Structures are given as C-alpha cells and as structure tokens.
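S.K.: If you scroll down you'll find the structure; I have some questions about it.
The values are calculated or read from the model by the stated rules, or taken from the named source; none is laboratory data. Bear in mind that the values here come from a model prediction, so they are computed numbers and not experimental data. Positions of Cβ are backbone-derived with ideal geometry, glycine not excepted, and every protein chain shown enters the neighbour counts. Keep in mind that these areas ignore ligands, DNA and RNA; they rest on the heavy atoms of the full protein, side chains included. Shrake-Rupley method; radii C 1.70, N 1.55, O 1.52, S 1.80 Å.
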Amino acid sequence: MPVNDIPVLTLDGPSGSGKGTVGQLCAQRLGWHYLDSGAIYRALAVSVARRGISARDADRSLEVARALRIDFRPSPPDGVEVVLDGQVLDAELRTEETGELASWLAAIPVIRGALLELQRRYRREPGLVADGRDMGTVVFPNATLKIFLTASAEVRARRRYKQLKLKGFDVTLAHLFQSIQERDIRDSERNASPLLPAAGAVALDTSDLSIEEVTTRVLDLLQTKLGAERGPTSVTTE
Ligand code: C5P
C-alpha cells in the first residue's frame with residue numbers, strides 16, 4: 001500500500017488531556033502502531049541534558065537531534081519502552097524537568113524539521129495512532145481522522161499528579177499546575193508548529209469523560225471515517 005494511503009489517527013492536545021492513554025488504548029484495540037511524538041522530544045531533551053548542552057544552544061542541540069537514535073519497544077503488560085542510543089530510558093524521560101526542556105527545544109524550528117522524517121517513518125501498515133501537538137497540522141496533514149483533546153488546566157494538573165505519584169515522583173499539585181500552564185503558553189504561542197487544532201479536527205473536552213468514554217468516541221468516529229473512505233459495501237433493498 002502506498003505510504004500516504006496507510007490510515008492514521010492523530011490525537012493532539014496539551015499535556016494531561018488524555019491523548020497518551022487514549023492513544024495507546026486505541027492502538028491496542030485497532031492492532032495499529034503507536035507513535036508517542038512527545039517521547040521523541042523528551043528523549044532529545046535527555047540527550048541534550050546529558051551532554052551538558054544548554055537548551056538555548058540551538059546549533060549544538062540541532063546536531064544532537066540529527067543524530068538521535070531512538071526506538072520504541074513494547075513493554076508488557078501495557079507500556080512502551082523508549083530506547084535512546086541502545087539504552088532504555090526510565091524515570092528520567094517522564095520528569096517535569098525533562099518535559100520543560102523538551103518544550104524549549106520543541107520551539108526551535110530547525111529542530112522540529114530535523115525530527116519530521118523520523119516521525120513520518122512510523123506510518124506503517126496496518127495503520128498508525130500518533131499523539132502529540134502537531135500530528136494533524138504538520139506531521140500527518142492527510143490523516144484519516146484528526147482529534148484535538150482538551151481539558152481544564154486543573155483537571156490536567158490533577159491527572160499528571162496522579163500519574164507521576166504512581167511512578168514514585170516527588171511532586172506537588174501546585175508546582176505541576178504552574179508548570180502545565182507555562183508549558184501550554186510556550187507550546188501554543190511559539191511560531192513553529194504551535195499547538196492548534198488542525199483544520200477539520202474533531203475537538204473533545206475530556207474534563208468530565210472517563211478514558212473509556214473518550215476511547216469509545218474516538219474509535220466510533222474512526223470507524224465512520226474508514227467506512228466512508230471504503231464507500232458503501234452493500235446496499236440492501238426490500
Ligand atoms: O507530550 P509530552 O508532554 O510528552 O511532550 C513534551 C513536550 O514536547 C511538549 O510540551 C511539547 O513542547 C513538545 N512536543 C511538541 N510536538 C509534539 C510532541 C511534543 O512540540 N508533537
């Protein structure tokens with residue numbers, strides 16, 4: 001199948017909107033590949049930090065981005081391991097500090113450009129679920145279905161708090177709330193691929209919805225789209 005015909009479901013939205021959890025569930029149920037594009041920016045942040053490079057040093061950060069060797073490996077029962085230069089990244093990848101550094105690096109246009117092809121390579125048969133900030137606007141503009149997830153900053157901070165606490169991180173709700181708001185502003189106001197709903201995206205506010213409810217809605221919308229693309233398969237007349 002030509003690569004541009006391989007179906008893609010994009011889930012964009014701010015941190016804590018539910019796109020990661022919903023994206024992984026959708027991919028599992030569809031039997032499709034899953035791309036966590038935020039993990040690519042986070043892995044870059046880890047790599048830059050380990051080399052002692054400042055996130056404001058665009059030239060040296062770009063060199064690191066161009067040489068980034070990253071791999072996603074399924075990690076049963078329900079997770080994915082991120083492998084950077086042959087080494088599994090653990091807690092370091094998910095800290096709020098790594099997220100902040102990633103968001104600084106992600107605002108540099110040449111760095112986004114350097115990571116574009118790497119992300120597009122994940123479009124493989126039978127299909128791809130891709131989550132991030134610009135999946136529907138820039139990386140996969142001809143996606144089958146584009147979803148934009150939102151939720152109030154309070155709800156998102158509480159979700160992140162629960163996730164990070166479960167992983168054993170020492171965080172406070174107040175700090176997360178502030179960090180999420182700062183990251184939202186940086187991600188939405190940057191010139192390079194700002195966080196925006198793609199044209200034609202379906203917006204879903206997940207503040208009062210369960211993960212299961214969001215997943216079911218997204219999969220229903222996708223089935224409708226895929227059915228419409230295939231065209232009527234049978235016409236019954238009485
Ligand atoms: O989604 P996650 O919080 O892991 O992403 C970390 C940061 O990476 C985001 O705050 C954002 O700045 C950046 N990012 C991006 N474009 C994407 C995915 C993530 O700019 N497609």
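S.K.: With (1) more than 19 Å from LEU68 (Cβ to Cβ); (2) not in a loop (DSSP other than H, G, I, E, B) as the list, and GLU125 as the residue in question, which single condition is left unmet?
M.R.: Failing condition for GLU125: (2).
S.K.: Among the numbered criteria (1) touching a residue at least 24 places away in the same chain (Cβ under 8 Å); (2) within 15 Å of the ligand (Cβ to nearest atom), which single criterion is violated by GLY127?
M.R.: Looking at each condition in turn, GLY127 falls short on (2).
S.K.: Out of all the residues in the stretch 1-56, which are under 18 Å from the mean Cα position of the chain (by Cα), assigned to a loop (DSSP other than H, G, I, E, B) and closer than 14 Å to THR144 by Cβ?
M.R.: Once the filter is applied, which keeps residues that are under 18 Å from the mean Cα position of the chain (by Cα), assigned to a loop (DSSP other than H, G, I, E, B) and closer than 14 Å to THR144 by Cβ, the stretch 1-56 yields PRO7, TRP32.
S.K.: Can you pull out every residue in the stretch 124-155 that is over 18 Å from ASP36 (Cα atoms) and either open to solvent by less than 10 Å² (accessible area, probe 1.4 Å) or among the small types (Gly, Ala, Ser) (or both)?
M.R.: The answer is ALA151, SER152, ALA153.
S.K.: Residues that are at pLDDT below 95, of a type in the set (Asp, Glu) and either out of contact with any helix residue (DSSP H, G or I) (no Cβ under 9 Å at 6 or more places or on another chain) or open to solvent by less than 20 Å² (accessible area, probe 1.4 Å) (or both): does the stretch 179-192 have at least one?
M.R.: Checked against the condition, which is being at pLDDT below 95, of a type in the set (Asp, Glu) and either out of contact with any helix residue (DSSP H, G or I) (no Cβ under 9 Å at 6 or more places or on another chain) or open to solvent by less than 20 Å² (accessible area, probe 1.4 Å) (or both), the stretch 179-192 yields at least one hit.
S.K.: For the list (1) of a type outside the set (A, V, I, L, M, F, W, C); (2) at pLDDT below 95; (3) open to solvent by less than 70 Å² (accessible area, probe 1.4 Å); (4) over 21 Å from ASP187 (Cα atoms), I need the number of the one condition that GLY99 fails.
M.R.: Here GLY99 meets the rest and fails (4).
S.K.: Considering only the stretch 210-221, state which residues are farther than 13 Å from LEU145 by Cβ and open to solvent by less than 40 Å² (accessible area, probe 1.4 Å).
M.R.: Within the stretch 210-221, VAL214, THR215 qualify.
Let's see how each residue does on (1) among the small types (Gly, Ala, Ser); (2) out of contact with any Gly (no Cβ under 7 Å at 6 or more places or on another chain):
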position	(1), (2)
ILE111	no, yes
GLN119	no, yes
PRO126	no, no
ARG159	no, no
GLY168	yes, yes
THR172	no, yes
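S.K.: Let me ask another. Take ILE6 and tell me if it is away from the ligand (no atom under 12 Å from the Cβ), surrounded by 15 or more Cβ atoms within 10 Å (Cβ to Cβ) and without any contact (Cβ under 8 Å) to a residue 12 or more places away in the chain. Before the answer, list the steps.
M.R.: Numbers: away from the ligand (no atom under 12 Å from the Cβ): yes; surrounded by 15 or more Cβ atoms within 10 Å (Cβ to Cβ): yes; without any contact (Cβ under 8 Å) to a residue 12 or more places away in the chain: no.
No; evaluated as a whole, the condition is false for this residue.
S.K.: Check ALA174, ALA199 and return the single one that is open to solvent by 40 Å² or more (accessible area, probe 1.4 Å) and assigned to a helix (DSSP H, G or I).
M.R.: Numbers: ALA199 fails: assigned to a helix (DSSP H, G or I).
Checking each option against the conditions leaves just ALA174.
S.K.: Quick one: GLY168 ticks every box in (1) part of a helix (DSSP H, G or I); (2) at positive phi bar one, so which box is it?
M.R.: Only one criterion is unmet by GLY168, namely (1).
S.K.: Can you find a residue that is part of a loop (DSSP other than H, G, I, E, B), near the ligand (Cβ under 9 Å from one of its atoms) and under 24 Å from SER54 (Cα atoms) anywhere in the stretch 95-107?
M.R.: yes
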